[in-house]
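Engineer: My questions all concern the structure below.
Rule-based calculations on the coordinates, nothing more; no lab input. Fair warning: this is a prediction, and the values are worked out from it, not measured in the lab. Methodologically, a virtual Cβ is constructed for each residue, glycine included, from the backbone with ideal geometry; neighbour enumeration extends over all protein chains shown.
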Amino acid sequence: MTGVGPVVGEAIAAHPKVDMVSFTGSTRAGKRVMELASQSIKRVSLELGGKSANILLDDADFAKAVPAGLFGCYMNSGQTCSALTRMLVPRARLAEVEQMALEGSAGFAPGSPFEEGKLLGPLVSAVQRDRVRTYINKGIEEGAKLVTGGAEAPDGLEKGFFVQPTVFSEVTRDMTIAREEIFGPVLSIIPYDSEEEAIEIANDTSYGLAGAVWSGDPARAEKVARQLRTGQVDINGGAFNPSAPFGGYKQSGIGRERGRYGLEEFVETKAMQR
């Protein structure tokens, strides 16, 4: 079946002969699916929003971590549920990271993906473009430092759903851009003063889908990763594994996709006794 969510989606989630619903989308829509499914006590698997933290520890290879973090944020023009939109860096390295992010963002030129050198395509709609630009303006209003980008249309791209690759710094955990999913090419750099504070900031979110940790000591990175309340963590640029379970904690969803765990979401357990 195909169709829009409020029509076909609601019919599927509410129908008493549907035993299970798997949904990928926004947290708001996921709540509605769960609400409708609860009327017939059907199972749900929800892969929803995220506000993933990318922790750069003080002994990380910043020359690798910062560019990788930019890619993790800007991939698909920022329209990725697991995008690494919060980059947590030691306060003593903040100016250095700002400069690296400024230089690195220049490599993500917006434009048609069919053109050579254009890495940021348009957003999905005018509504989403305007929503992202509203968040950028909100960041400026709340006092975040705009390192590069902004709410204005990219040069020569006044027509279309394009947004500049944007970097904010000196972001605090209470700012809107640090708390709400933007779903666009907007990176928030958040300084921290200790490893414990970095973990606390990373977990201070209603989401828990993905994350990343960078350290020169793999054991230290793994120790920090284990303390993150999130369904998936990349360590020192670890590649996405399609066989690994994918899904979130908290308002990032229920259940897992991919691998054995993903299959088990669609299986009922039966005990036969004699």
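Engineer: With the Cα gyration tensor of region 91-163 giving a ≥ b ≥ c as the square roots of its eigenvalues, does the rule (a/c under 1.5 for rounded; else a/b larger than b/c for prolate; else oblate) give rounded, prolate or oblate?
Structural biologist: Note, shape of region 91-163 comes out oblate.
Engineer: Sticking with this one: Compute the helix-to-body angle for 62-74: its Cα long axis versus the longest principal axis of the chain, expressed 0 to 90° and rounded to tens.
Structural biologist: Here the helix axis deviates by roughly 50 degrees.
Engineer: Determine the sum of side-chain charges near Asp217: Lys and Arg each +1, Asp and Glu each -1, restricted to other residues whose C-beta is under 10 angstrom from that of Asp217.
Structural biologist: 0
Engineer: Separate question: Using DSSP to define loop residues, name the trypsin sites (Lys or Arg not before Pro) in region 209-260 whose beta-carbon has at most 16 other beta-carbon atoms within 10 Å.
Structural biologist: The qualifying sites are Arg229, Arg258.
Engineer: What dipole magnitude, in Debye to the nearest 20, does the chain give about its Cα centre under +1 on Lys/Arg Cβ and -1 on Asp/Glu Cβ?
Structural biologist: Using only the charged Cβ atoms, the result is roughly 1240 debye.
Engineer: Given the options Thr24, Pro122, Val44, identify the residue whose Cα lies farthest towards the positive end of the charge dipole of the chain (+1 on Cβ of Lys, Arg; -1 on Cβ of Asp, Glu).
Structural biologist: Val44
Engineer: Is the chain best put as rounded, prolate or oblate by its Cα gyration tensor, with a ≥ b ≥ c the root eigenvalues, rounded for a/c under 1.5, and otherwise prolate when a/b is larger than b/c, oblate when not?
Structural biologist: Judged from the Cα gyration tensor, the chain comes out oblate (a/c at least 1.5, b/c at or above a/b).
Engineer: Hey, another quick one. Using a Förster radius of 30 Å, what is the FRET efficiency between Glu10 and Lys118 based on their Cβ-Cβ separation? Nearest 0.05, please.
Structural biologist: About 0.20, to the nearest 0.05.
Engineer: Also, I was wondering about something else. A 23 angstrom limit on the alpha carbon distance is what I want to check against. Which of Lys64/Lys223; Lys31/Lys250; Lys31/Lys51; Lys118/Lys159; Lys17/Lys250; Lys51/Lys223 exceed it?
Structural biologist: In this structure, Lys17/Lys250 exceed 23 Å between Cα atoms.
Engineer: Quick check: pseudo-label points 7 Å beyond the Cα along Cα→Cβ at Tyr249 and Glu197, how many nm apart are they?
Structural biologist: 2.2 nm
Engineer: Let me ask something else about it. Between Phe108, Leu146, Leu209, whose Cα lies farthest towards the positive end of the dipole of region 53-235 when Lys and Arg beta carbons carry +1 and Asp and Glu beta carbons carry -1, centred on the Cα centre?
Structural biologist: Result: Leu209, furthest along the dipole toward the positive end.
Engineer: For Leu88, which sequence-distant residues (separation of 5 or more, or a different chain) have an amide H within less than 5 Å of its own amide H, given hydrogens modelled in the peptide plane?
Structural biologist: Residues meeting the amide H criterion: Asn54, Ile55, Leu56, Ile190.
Engineer: Oh, and also: Once the other residues with Cβ under 13 Å from the Cβ of Leu102 are scored (Lys, Arg +1; Asp, Glu -1), what is the net sum?
Structural biologist: Every neighbour counted, the sum reads -2.
Engineer: Count the DSSP beta bridges whose two residues both fall in the chain, then state the antiparallel fraction as a percent rounded to the nearest 5.
Structural biologist: 20 percent
Engineer: Per DSSP helix of 4 or more residues, -39500 (n - 2.57); summed, then divided by the residues of the chain. What does that give at 222 nm, rounded to the nearest 500?
Structural biologist: It lands at -9000 deg cm²/dmol.
Engineer: To the nearest 0.05, what FRET efficiency results for Phe240 and Asp19 with a Förster distance of 41 Å applied to their C-beta separation?
Structural biologist: It comes to 0.85.
Engineer: Roughly what % of DSSP beta bridges within region 93-252 run antiparallel, to the nearest 5?
Structural biologist: Counting only bridges with both partners in region 93-252, antiparallel ones make up about 30 percent.
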